[in-house]
Structures are given as C-alpha cells and as structure tokens.
Amino acid sequence: MERNWYDIILDPGIFVIIIAGTLLVAYVFRLLFNQLIKNSTRVMNNDPTSYKFLKYAVSAVIYAVGFSWAVYEIPSLRTVANSLLAGAGILAI
C-alpha cells in the first residue's frame, strides 16, 4: 500500500498533538485538584494525604490513557496499545 506525503507528515503530528493534549489535561487537573485540596483541608481541618493520593492516582490514569492513545495512533504498535488501554481501563475501575 502506497502512502501519500500527507500521511507521512500527519502521523507524527497526531502523535505529538495527543501527547501535548495529555500533558495539558494532566496539568490542568493537578491545578484544579490542588485548589480543591487547599479549600477542602482549610474548611474541614483534615489531613490532605488521602486527597494527594487520589490526585496522583487519577493523574497516572490520565497519563496511561493519553500515552496509550498516542501509541495506538502508530499503526505498527496498535496491538500493544490495545493492551495498554485495556489495562488502563481496568485500573480506572
């Protein structure tokens, strides 16, 4: 199967866009969750350790799904990406 020039250019571009989007989503999530932790611990006077653990766990799931999706966009690595996405889905549950 012959590939066109735009396919060759677009494939790495989609990979980079997905990676950048994953990093952006994780960064925004951490910012918002840090604000939630500060407000919650100030109002309720409780220990923020469990909230921080939840923040790291959700961030890990965001990274796993995003990087798996980016790898899925590479045609030769689709089977690996299917396994990663299935593992991330089970981890999210």
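The values are calculated or read from the model by the stated rules, or taken from the named source; none is laboratory data. Every value quoted in this text rests on a predicted model; they were computed, and no experiment measured them. Cβ placement follows ideal geometry from the backbone for every residue including glycine, while neighbour counts extend to all protein chains displayed. When the accessible area is computed, the model is the full protein with side chains, heavy atoms only, and any ligands, DNA or RNA have been set aside. Shrake-Rupley method; radii C 1.70, N 1.55, O 1.52, S 1.80 Å.
Here are the numbers:
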| quantity | calculated |
| --- | --- |
| Count of region 44-79 residues which are over 19 Å from residue 31 (Cα atoms) and either exposed (fewer than 12 other Cβ atoms within 10 Å of the Cβ) or of a type outside the set (A, V, I, L, M, F, W, C) (or both) | 10 |
| Some residue of region 1-12 being open to solvent by less than 100 Å² (accessible area, probe 1.4 Å), at pLDDT 80 or above and out of contact with any Pro (no Cβ under 6 Å at 6 or more places or on another chain) | no |
| Qualifying residue in region 23-34 (condition: open to solvent by less than 60 Å² (accessible area, probe 1.4 Å), out of contact with any strand residue (DSSP E or B) (no Cβ under 8 Å at 6 or more places or on another chain), within 30 Å of residue 77 (Cα to Cα) and in contact (Cβ under 8 Å) with a residue 24 or more places away in the chain) | yes |
| Pair list, Cβ under 6 Å, 6 or more apart: region 46-57 residue closer than 14 Å to residue 32 by Cβ, other residue open to solvent by less than 80 Å² (accessible area, probe 1.4 Å) and part of a helix (DSSP H, G or I) | 51/37; 55/33 |
